[in-house]
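Down below is the structure, laid out as structure tokens.
Please treat every number below as a calculation from the coordinates, not as lab data. Just so it is clear, the model here is predicted, and its values are computed rather than measured. Ideal geometry is used to build each Cβ from the backbone, glycine not excepted, and the neighbour counts take in all protein chains shown.
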Amino acid sequence: MLEIKKKILVVDDSALMRSVLCDIINGSDNFCVKDRAINGRDALDLILKNDYDAIVLDVNMPIMNGVELLKELHRRRFSANIMMASTDTMEGAKVTLDCLELGALDFIHKPDKAQDCRDGRFQEKFLRILTTVANAKKSRFVASPTLNEMKATKKIVELASKNVSTATKRNQIVALASSTGGPKALHQVIPLLPGNLSCPIVIVQHMPAGFTKTLADRLNTMCELNVKEAEEGETIETGNIYISKGGAHMNIVRKGSTNVIHYTDEPQREGVKPCANYMYESLRNTSYENILCVVLTGMGQDGTEGIKNLKAVKKIHTIAQEESTCVVYGMPKAVVNNHLADQIVPLGQIAQEIIMNVGVK
């Protein structure tokens, strides 16, 4: 039986770049380019008239650029599986996080020269990301919470923090893993946590080097807790959220009576670096007696093996994000299917469940 190829829209103002990207897509067994557009306005007309499995979107274009197109789709509450492919999606670029917050699912840095896109490593990475984006479930548009919705949710979280008993568990930590859809999900969890949370949080979000500091800095402006990119050798302390830097594996190691951050440079695991499995497994040898594992949206199975190995030696409680609220139901699904999830929780309730499990000071 002939498999139907997934239909792709390519949006780029460079004729040469469009041609090269289309060659890569059409050269795959799984995709075909259905349409091309030279700016966001032309793309918007096509998107509203046709159905695409994925859209490859440039940022810098005349008339309507990629960010403006995302804002327009956001305003219309229109669902589209979008992958950013731009020379602007460079290390630490603010525009990348803007695009992810506006609804883009993932991104790749496009070489300045179109011919460099023919490099085999770029093509492999491009098609891998496109596969994730195209296979992400098509559901109703989920807009970022409005100010009133955030206030209402905040009240629920505050009520939870007042009703929960002052933490009696000692030596606790929250260890969270996320991937595709994770940056936006983190924006709907981290800012809701109270400043008097009883324990620190460590996070592995699958992103390249440079992007994680930008993500941490942005979350820090929205949060009562201190959010930062974790630094080598720093002591983990309550009141802080530590996000693993991209391009290295974050471990938590015991040092005397404290626990500190330590990065290692092993190859990718589960196809990613940082890998949450390393983070979870490293917690086996720490002083933490109670560990809350949280697994949010993401492709693949990262986190499952690490949690399984951690559970063999530590007292843990695992929360998996509920399927309908995930951009990609991969990582949480693997946790659930391996019978490791103690709770399955919608994204909007993750923050309050973290509070109910670990308490406040």
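Worth pointing out:
- Helical runs (DSSP H, four residues minimum) scored at -39500 (n - 2.57) apiece and divided by the length of the chain put the mean residue ellipticity at 222 nm at -10000 deg cm²/dmol.
- Choice from Met331, Met83, Met222 with maximal GNM fluctuation in the chain (Cα, 10 Å cutoff): Met222
- Simple Cβ-charge dipole of the chain, Lys/Arg +1 and Asp/Glu -1, about Cα centre, in debye nearest 20: 880 debye
- Evaluated with a Cβ-only charge set (Lys, Arg +1; Asp, Glu -1), the range 147-358 carries a dipole of roughly 340 debye about its Cα centre, given to the nearest 20.
- Listed by chain and number, the aspartates and glutamates placed with their C-alpha closer than 19 angstrom to that of Lys34 are Glu3, Asp12, Asp13, Asp23, Asp42, Asp45, Asp51, Asp53, Asp58; residues fewer than eight positions away on the same chain are left out.
- Whole-number percent relative contact order across the chain, with pairs defined as alpha carbons under 8 Å at least 6 apart: 14 percent
- Listed by chain and number, the aspartates and glutamates whose C-alpha is less than 19 Å from the C-alpha of Lys154, apart from same-chain residues fewer than 8 away, are Glu224, Glu353.
- HN-Hα J in Hz across the range 253-268 - Karplus 6.51, -1.76, 1.60, θ = phi - 60°, x for Gly and Pro: 10, 7, 9, x, 8, 10, 10, 10, 7, 9, 9, 10, 10, 5, x, 4
- The amide H of Val328, built 1.01 Å from its N in the peptide plane, has Gly298 as neighbours under 5 Å, considering only residues 5 or more places off or on other chains.
- Each label was represented as a point 7 Å from its Cα along the Cα-to-Cβ direction; for Lys308 and Ser257 these points are 3.8 nm apart.
- Here the extension length gained between Cys32 and Thr221 equals 63.9 nm, from 0.36 nm per residue of separation less the Cα-Cα distance.
- Between Lys49 and Ser324, the FRET efficiency from the beta-carbon distance, with R0 = 25 Å, is close to 0.35.
- Whole-Hz ³J(HN,Hα) from phi, Karplus 6.51 cos²θ - 1.76 cosθ + 1.60, for the range 28-38, glycine and proline x: 8, 6, 10, 10, 8, 7, 8, 8, 10, 9, 9
- In the range 7-145, a dipole from Cβ-located charges (positive for Lys and Arg, negative for Asp and Glu) runs towards its positive end, and of Ile63, Leu73, Leu100 it is Leu73 whose Cα lies farthest in that direction.
- Computed magnitude of the charge dipole of the range 256-311 (debye, nearest 20; Cβ of K, R +1, Cβ of D, E -1): 100 debye
- Under 5 Å between amide hydrogens, built in the peptide plane, is the criterion, and for Cys293 it picks out Ala175, His317, Thr318, Ile319 among residues at least 5 positions away or on other chains.
- Label-point separation, Arg121 to Lys94 (7 Å along Cα→Cβ), nm: 3.0 nm
- Relative packing of peptides 71-81, 244-254 - highest average C-beta neighbours within 10 Å first: 244-254, 71-81
- Violating pairs (Cα-Cα greater than 25 angstrom) within the set Lys113/Lys245; Lys94/Lys245; Lys308/Lys333; Lys155/Lys213; Lys137/Lys184; Lys5/Lys184: Lys113/Lys245; Lys155/Lys213; Lys5/Lys184
- Comparing Thr132, Ser161, Ile350 along the charge dipole axis of the chain, the residue lying farthest to the positive side is Ser161, per the Cβ-charge model.
- Between Lys155 and Ser14, the distance separating the two model label sites (each 7 Å from Cα on the Cα→Cβ line) works out to 5.1 nm.
- In sequence order, calculated HN-Hα J values of the range 328-338 (Karplus, 6.51, -1.76, 1.60; Hz; x Gly/Pro): 10, 8, x, 4, x, 4, 4, 5, 5, 5, 8
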